[in-house]
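The block underneath contains the structure these notes are about, expressed in C-alpha cells.
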Amino acid sequence: MNDLSTLTGWGGTSPSSAHVVRPVDVDALRGQLATAGPRGVIVRGLGRSYGDPAQNAGGTVIDLTDWDAILDVDSRAPAVRVQAGISLDRLLRALLPLGLWLPVVPGTRQVTVGGAIAADVHGKNHHMDGSFGNHVSQLDILLASGDIVSATPEGDNAELFWATVGGMGLTGVVLEATIELKEVETSYFVVDTQRTRNLAELLSALSDGDDDYTYSVAWFDTATTGDALGRAVITRGNTALREELNTAQRGSALRFAASQHGRVPFALPMGLVTRPTARAFNALWYAKAPRHRVGEVQDITQFFHPLDVVGDWNRVYGPHGFCQYQFVVPFSEEAAFTTAVETLAQSGHVSSLNVLKRFGPGNASPMSFPMPGWTLAVDLPVRPGLDTLLSHLDQLVVAAGGRIYLAKDSRAAAATIARMYPRLQEFRATRAHYDPDRIFRSDLSRRLDL
Amino acid sequence: MINALGIPQHLLLLGGTSDIALAIADAYAAKSPGLTVTLAARPGARRDAAAEHLTGKGCVVTAVDFDAVDTATHSTLIEGVTGDIDIAAVAFGLLGDPELAWTDLETARELAAVNYVGAVTTGVALGARIRTQGHGVVVAMSSVAGERPRRSNFVYGSTKAGMDAFYTGLGEALRETGGRVLVVRPGFVRSKMTEGLDDAPLATTPEAVAEAVVNAVRDGKEQIWVPGTMRAVMSGLRHLPRGVFRRLPI
C-alpha cells in the first residue's frame, strides 16, 4: 500500500525512513490520519527545507504535491484561491499573464504554498511587505480529528491560523488557501546595484535607502577578514513600470523569464565547494559587481532566483551535505551582528551563498522567524568543527535576543530554540488543543521538542 | 534525533563500562548539552562509577542491567529503552587469556558467547528497533584481530571476525530502513581490557577511537580503522603468504 523511502531535506543531511503516501482525495487523507501509528504523520511539499521538518522517521510522510489546482482567481481583489500543494513557480506562471504577482516570493520558486505557509517564508521585500503569512486571508485546515475548519487572521480560528503560519506543519494539513496578490505591469525589475567596502558601510547604506525599494538584499563576502570584513554587493529594486522598458522588453512585458539551463549530475564523489573554490567564488562575485549602477532592467531569474537556473544545486556540496544557517538579531544589536560575522570569517568555514537583509516588523505567528533586525544566511559544507562554530553562533544570537530560522535549521539543540522563540509554550498549547494525540510529528518536532 | 552534524540526543552504550564506550559518551557529551545516555552493563561498582562520571559531564544517565550472555533478555531490554535510540554503541567484549582460550573449553565458550553470540542477539534487537524508528546508527566495536587470525590471539580474533561480518551485513540489511551501521576496527587500544600487555605497533587510545567514531558518524561512513593508517597495514597483512605472516613478530 505504501513505500518505505529514505528522505532528507535540501541540505542532504540526517536521512530517515518513512512510509510515503500520496492520498488521492480528502477521504484517503483522513484515513491516513485515522490510522496513523505512534510515529505520526507529516506533510511534505517539494522538500526545500534544509533540515528535517518534512521527514518523519518510522512514520508516515504525506506527499500532497498532486493537490495543485488553482481554484479561483479574483482579479478585482486581487486574490487567488489554490490547493496547497501547488508550487509558487506554477502559480506565478499562471498569474503573470493576468498582471498579477505573489506578494512574497522566497529565494526559490520551487516550494509549495503549503510549505510557504508552514515556514512563513520571506523574500527580498520583507522590510516593506512582511512574510508570506501576512498575505494569506483564509485557510482550510484538516485537523487531526478529521474535521476541516476555516481559519482567518482576525476572525474564525485566528489562533489556529497563526499557529499554522510558521507552524512547520504541526497543527494540521492546509488543504486550500486564499492569497492576496499584487498587480504588476511587467515581470521586470528596475535594479540599482552598489558595492560597499566593509560591514559598517553596508549596514549604513541599507539603513539609509532601503525604504525607497520594494526589494532589497545584499550578497556578502564571508571569506575576507580585516578592513574589508563584510564587503558586499547590494541589489535593490522595484517592479518595472511598462514605460521603463525598452521596445523589445515591452513586447514581452508579462513574460515569465525563467529557464533552467542545467542540472548537477547525481553522484559527485566529493564536494565542489572547498575552501579555495569558495574563497575564489566570494572574490569573483564581489569583483564582477559594478561599484555603483542605477536603473538596470532585470528579469525574474536575474533578479530573484539566480540559483533556480541550475536544478539540484545542493549537490555541489558533495555527499556529506551542508548546513544553511540563517539568523536574525534586533536592530540595536549591530555589535553582536558584527561579532557573528567576524566569528564566521575567522572560522575557516567558508560560505559562498551569503545573503544579508533588513527585516521589517514580524507578524502574529508565535513561531514565525522574521523580526525587525538584521538577518544573515550562510551555506556551510559539513566539515569537522562546524558543530562548534554553529553552537557558538547560537549563543551569540540568543544573547542578542535573536533567533534562527527553523526552515533552515538541521542541527540546533531543543533548549536553544526554546530560548530563541519565547512564544514556544503558546504554540505548544495551541498544538496540544488541536492535536491532542500528536498525530502530526516530524523529525524536526522530535529533535527540537516543539 | 541525530542532527545534521551527526550529534545524537540519546546514546545507548551496550557494555557501558568499557573505556571505549565511555570515551565515546564523553566526546558526545561535550557536543550535546543534556545528552541522554542509557548505560547498559552489569550492575556493580564499575557501572555506578561510569554513571556518576557521565552525570558529572552533564548527561542524563539511566542505567539498565545488561548481561551479554543472557541472550534471551536482549530483545526485551532494547525494546524497553525509552525514547529514540540515536546511536547505539556495541562495545562489550572479552579479550581472555589467549592460551586458555584455545585449550580450555569453558574459556573458549565464554569468549564466543560474549563476543559473538551476544553481539549477534543484540544486533538483531537493535535492527528491529531501527526498523521501527526509521533511523538510528549502530557503532559496532570490531577489531583488526578479526581481519586475519594470528597464532597469538586467534580465538578472540575469530569472535571479532564473526561479529564484524554480522554487523557489516546488518548495515546492508538496514540501508532501506533509515538505519546505518558503522563497523570500527581499532588496532591495539591501551585500556582496561589490555592492561598489563605490551603495546602493539600503532597502538591507540580510547579517546582516539572515540574521536574517529564521532567523525565517521558525522560523515556517514560505514567502516573505519583506528588509527586510519591501520587500514593500509591490514590490507597488506591480509595478503601476505602464510609462511611470511607466521614469522612476523605480532
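The values are calculated or read from the model by the stated rules, or taken from the named source; none is laboratory data. All figures in this text were calculated on a predicted structure; none of them were measured in a lab. Positions of Cβ are backbone-derived with ideal geometry, glycine not excepted, and every protein chain shown enters the neighbour counts.
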TODO: Give the residue, chosen from B:Ala51, B:Ala72, that is crowded, with 19+ Cβ neighbours inside 10 Å and either part of a loop (DSSP other than H, G, I, E, B) or among the hydrophobic types (A, V, I, L, M, F, W, C) (or both).
DONE: B:Ala51
Open item on the list: I'd like the residue in the range A:406-439 that is more than 14 Å from chain B (Cβ to nearest Cβ), buried (at least 18 other Cβ atoms within 10 Å of the Cβ) and in contact (Cβ under 8 Å) with a residue 40 or more places away in the chain and, out of all such residues, is farthest from B:Ser32 (Cα to Cα).
Closed with: A:Tyr434
Task: Odd one out for A:Gly47 among (1) closer than 25 Å to A:Asp379 by Cβ; (2) at pLDDT 95 or above; (3) within 14 Å of chain B (Cβ to nearest Cβ); (4) not in a strand (DSSP E or B) - done: (3)
Open item on the list: What are the pairs with Cβ atoms under 8 angstrom where one residue, in the range A:292-304, is part of a helix (DSSP H, G or I) and the other, located anywhere, is modelled with pLDDT of 85 or more and among the basic types (Lys, Arg)? Sequence gap at least six, or different chains.
Closed with: none
TODO: Please find, among A:Leu268, A:Leu241, A:Leu272, A:Leu254, the residue that is at pLDDT 90 or above and either over 13 Å from A:Ser187 (Cβ atoms) or of a type outside the set (Lys, Arg) (or both).
DONE: A:Leu241
TODO: Quick one: count up the residues across the range B:33-48 that are outside any helix (DSSP H, G or I) and touching a Leu at 6+ places or on another chain (Cβ under 8 Å).
DONE: 7
TODO: Return the total of residues in the range B:183-202 being outside any loop (DSSP other than H, G, I, E, B) and either among the hydroxyl-bearing types (Ser, Thr, Tyr) or within 14 Å of chain A (Cβ to nearest Cβ) (or both).
DONE: 1
Open item on the list: It is to be established whether one or more residues within the range B:114-127 are closer than 28 Å to B:Ala4 by Cβ and among the hydrophobic types (A, V, I, L, M, F, W, C).
Closed with: yes
Task: Conditions (1) surrounded by fewer than 18 Cβ atoms within 10 Å (Cβ to Cβ); (2) not in a loop (DSSP other than H, G, I, E, B): number failed by A:Gly133 - done: (1)
Open item on the list: For the range A:50-77, give me each residue that is in a strand (DSSP E or B) and within 14 Å of chain B (Cβ to nearest Cβ).
Closed with: A:Thr60, A:Val61
Open item on the list: Just to check your reading of the model, which residue among A:Gly99, A:Gly85 is over 14 Å from the mean Cα position of the chain (by Cα) and under 20 Å from A:Gly169 (Cβ atoms)?
Closed with: A:Gly85
Task: Scan of the range A:1-43 for residues that are within 14 Å of another protein chain (Cβ to nearest Cβ) and not in a loop (DSSP other than H, G, I, E, B), ordered by number - done: A:Asp3, A:Leu4, A:Ser5, A:Thr6, A:Leu7, A:Ser16, A:Ser17, A:Ala18, A:His19, A:Val20, A:Val41, A:Ile42
TODO: Might you let me know whether the range A:380-396 holds any residue that is within 14 Å of another protein chain (Cβ to nearest Cβ), among the β-branched types (Val, Ile, Thr) and buried (at least 22 other Cβ atoms within 10 Å of the Cβ)?
DONE: yes
Task: Complete set of residues in the range B:206-232 that are of a type in the set (Val, Ile, Thr) and touching a residue at least 40 places away in the same chain (Cβ under 8 Å) - done: B:Val209, B:Val213, B:Val214, B:Val217, B:Ile224, B:Val226
TODO: Report yes if A:Val80 is closer than 30 Å to A:Gly321 by Cα, buried (at least 24 other Cβ atoms within 10 Å of the Cβ), more than 14 Å from every other protein chain (Cβ to nearest Cβ) and modelled with pLDDT of 95 or more, otherwise no.
DONE: no
Open item on the list: If I filter the range B:75-91 down to residues being within 14 Å of another protein chain (Cβ to nearest Cβ) and not in a loop (DSSP other than H, G, I, E, B), which single residue comes out as farthest from the chain's Cα centre (by Cα)?
Closed with: B:Glu79
- [ ] Please determine, by comparing only the residues of the range A:440-450 that are of a type in the set (Lys, Arg) and part of a helix (DSSP H, G or I), which one is surrounded by the fewest Cβ atoms within 10 Å (Cβ to Cβ).
- [x] A:Arg446
Open item on the list: Out of B:Arg42, B:Arg46, I need the residue that is surrounded by fewer than 21 Cβ atoms within 10 Å (Cβ to Cβ), under 22 Å from B:Thr73 (Cα atoms), out of contact with any Asp or Glu (no Cβ under 7 Å at 6 or more places or on another chain) and free of Cβ contacts under 8 Å to residues at least 60 places away in the same chain. Which one?
Closed with: B:Arg46
Open item on the list: Between A:Ala377, A:Ala335, which is in a helix (DSSP H, G or I) and more than 14 Å from chain B (Cβ to nearest Cβ)?
Closed with: A:Ala335
Task: Hey, B:Glu110 farther than 16 Å from B:Ser18 by Cβ and within 14 Å of chain A (Cβ to nearest Cβ) or not - done: no
Open item on the list: Given the options A:Glu185, A:Glu154, A:Glu159, name the one that is outside any loop (DSSP other than H, G, I, E, B) and surrounded by fewer than 23 Cβ atoms within 10 Å (Cβ to Cβ).
Closed with: A:Glu159
